[in-house]
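Chemist: Please find one structure pasted underneath; my questions will follow.
Readers should treat all values here as calculations from the given coordinates under stated rules, not as data from a laboratory. Just so we're clear, the structure is a prediction, and the values are computed from it rather than from any experiment. Quick reminder, even Gly has a Cβ in these numbers, built from the backbone with ideal geometry, and neighbours come from all protein chains shown.
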Amino acid sequence: MRCYLHAFLLCVLFTFFSLLYVFNQLASTLEDRDDWELKEQGTPDRSSHDGGHLLRKMPGLTGLRDREGLDRERAGSAVKEHNDGRSHLAVVACGPRLEETLTMLKSAVLLSKNPLHFYIFAEDDLHDSFRNALDSWPRTVQTKFNFTIYPITFPKENAREWKKLFKPCASQRLFLPLILKEVDSLLYVDTDILFLQPVEDIWALLSQFNSSQLAAMAPEHEEPRIGWYNRFARHPYYGKTGINSGVMLMNMTRLREKFFQNDMTTVALRWEEILMPLLQKYKLNITWGDQDLLNIIFHHNPESLFVFPCQWNYRPDHCIYGSNCQQAEQEGVFILHGNRGVYHDDKQPAFRAVYEAIQKYPFGENMETSLLRPLEASLQTTTNTYCGRASHLFTKKLKQSIMSVQQEVTRRR
Ligand SMILES: *[C@@H]1O[C@H](CO)[C@@H](O)[C@H](O)[C@H]1NC(C)=O
Ligand SMILES: *[C@@H]1O[C@H](CO)[C@@H](O)[C@H](O)[C@H]1NC(C)=O
Ligand SMILES: *[C@@H]1O[C@H](CO)[C@@H](O)[C@H](O)[C@H]1NC(C)=O
Ligand SMILES: *[C@@H]1O[C@H](CO)[C@@H](O)[C@H](O)[C@H]1NC(C)=O
């Protein structure tokens with residue numbers, strides 16, 4: 001009898017452990033499936049600021065908790081920020097892009113009337129420089145914005161692959177909806193963007209989205225004869241000439257909720273599920289990195305994209321062989337995008353002139369006499385180039401923006 005009982009107990013024990021094992025295996029396969037995205041790190045909790053909150057939901061963004069700046073931002077205040085009158089602006093800065101990024105941010109604060117929040121993703125060695133530079137801006141300017149500095153983070157398992165895609169860090173923007181889980185909407189811009197009108201003007205486009213739209217971008221080209229995607233791409237792309245991701249407005253709440261059609265499975269996939277398979281499938285065929293992935297995604301989900309016209313993302317391509325951005329002809333350039341390094345070389349002096357005028361303008365001086373006039377003068381010297389001949393378009397909107405800010409200043413006095 002004793003013997004039977006013994007055997008029975010052993011059996012029960014064995015079954016129990018077997019079940020435990022099976023469960024364990026099951027749990028870890030489930031976890032593995034999500035591995036490429038964001039894996040648990042098990043860092044101890046330190047929840048004194050909203051980074052803790054963010055991380056409990058987003059484990060595995062290495063080091064995010066330790067270094068996430070939360071500069072000049074109180075605990076929890078970054079949560080649920082839609083329609084609070086602020087514009088939320090994100091940028092990703094790596095390598096020698098510090099000064100360029102600061103000039104972009106400067107153009108944003110100079111012309112905006114509404115408060116701003118900057119989300120600065122940067123390589124670790126740039127964090128102090130960003131913080132010191134922004135903290136050194138005059139008090140009156142600082143009251144217009146808050147900023148948060150983040151390290152560059154990628155899905156752990158495929159960090160190397162994501163990092164080397166296109167330029168280091170560029171594909172970070174794809175993960176912003178997953179990292180900034182608490183943020184409703186975001187304007188992402190490249191570092192080589194300059195605002196020639198208030199940020200709230202582009203922010204206002206969010207309210208023009210219809211119920212299926214969740215992101216807004218400009219076409220990559222106006223003129224198919226010099227378009228890149230329609231002539232060279234070896235992958236699907238959006239519309240006639242593709243889209244440019246240098247200025248990308250996102251309703252991230254919708255982006256996180258949406259199931260995206262795709263050419264890999266018959267089921268629609270969430271944002272965090274679609275990126276890695278897409279990279280795997282197309283990595284040998286893509287040229288412009290994450291911008292190509294965005295083109296593939298919106299090719300299959302065209303109803304989700306709001307296309308804004310070229311004056312919201314005006315590049316050398318729009319004037320290099322003569323002006324081809326019609327909307328800019330009428331209304332002027334709203335946002336300048338000096339891609340291919342044109343702020344720093346002599347290929348497009350008109351673009352460089354705008355960059356240098358904003359960079360050199362001393363805070364607090366009269367913007368009309370210390371920014372606009374010097375800029376107009378230096379643009380006069382660029383009329384030997386096609387873009388220089390179109391350069392009255394560069395100052396058209398800027399002039400209105402400056403007048404409007406000046407009026408605001410006088411009104412307050
Ligand atoms: C910056 O954050 C502080 C503290 O949360 C807040 O009081 C202030 O209104 C914010 N400023 C802007 C411009 O958003
Ligand atoms: C990649 O490009 C090649 C050559 O144009 C093409 O045959 C192939 O189908 C493309 N691959 C994908 C996944 O589209
Ligand atoms: C983004 O979309 C969500 C869900 O549709 C909506 O509640 C929110 O107001 C939108 N945000 C903005 C800024 O329009
Ligand atoms: C929203 O606009 C896009 C682009 O015009 C269109 O394709 C889509 O069908 C629209 N969605 C709805 C729900 O009307």
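Chemist: Restricting to the stretch 50-310, compute how many DSSP beta bridges are antiparallel as a %, nearest 5.
Modeler: Working: 10 of 28 bridges.
Antiparallel bridges make up about 35 percent of those DSSP assigns within the stretch 50-310.
Chemist: Ordered by residue, what ³J(HN,Hα) values in Hz, to whole numbers, does the stretch 185-195 give under the Karplus form 6.51 cos²θ - 1.76 cosθ + 1.60, where θ = phi - 60° and Gly and Pro are x?
Modeler: For the stretch 185-195, the Karplus-derived couplings read 9, 8, 9, 8, 9, 5, 5, 9, 9, 10, 7 Hz, x marking Gly and Pro.
Chemist: Same structure, new question: Between Thr140 and Thr410, what length in nm is gained on full extension when 0.36 nm per residue of separation is reduced by their alpha carbon distance?
Modeler: Stretched fully, the Thr140-Thr410 segment lengthens by 95.7 nm.
Chemist: Starting with the fewest neighbours, write out Tyr188, Tyr386 ranked by other beta-carbon atoms found within 10 Å of each beta-carbon. Could the numbers behind the result be given before it?
Modeler: Details: Tyr188 26, Tyr386 18.
Sorted ascending by nearby Cβ count, the order is Tyr386, Tyr188.
Chemist: A follow-up question, please. Taking the Cα centroid of the stretch 242-315 and of the stretch 188-225, what is the distance between the two, rounded to the nearest whole Å?
Modeler: Spelled out, the Cα-based centre of one part sits 15 Å from the other.
Chemist: Mind putting a number on the dipole of the stretch 50-310 about its Cα centre? Charges go on the C-beta only, +1 for Lys and Arg and -1 for Asp and Glu, and I need it in Debye to the nearest 20.
Modeler: Working: 31 positive and 32 negative charges, 65 e Å.
Once rounded to the nearest 20, the dipole reads 320 debye.
Chemist: Another one. Which order do Ile149, Ile193 fall in if you start with the one that has the fewest other Cβ atoms within 10 Å?
Modeler: Working: Ile149 22, Ile193 26.
In order of increasing Cβ crowding within 10 Å: Ile149, Ile193.
Chemist: Right, another one. Counting other beta carbons within 10 Å of each residue's own, what order do Val141, Val92 fall into, fewest first?
Modeler: Details: Val141 14, Val92 26.
Ascending number of Cβ neighbours within 10 Å: Val141, Val92.
Chemist: Here's another thing I want to ask about it. Measure up Lys258/Lys283; Lys106/Lys240; Lys144/Lys397; Lys347/Lys396 against 28 Å on the Cα-Cα distance and list the ones that go over. Intermediate results must be reported in sequence, preceding the final value.
Modeler: Working: Lys258/Lys283 24 Å; Lys106/Lys240 34 Å; Lys144/Lys397 21 Å; Lys347/Lys396 22 Å.
Table pairs above 28 Å Cα-Cα are Lys106/Lys240.
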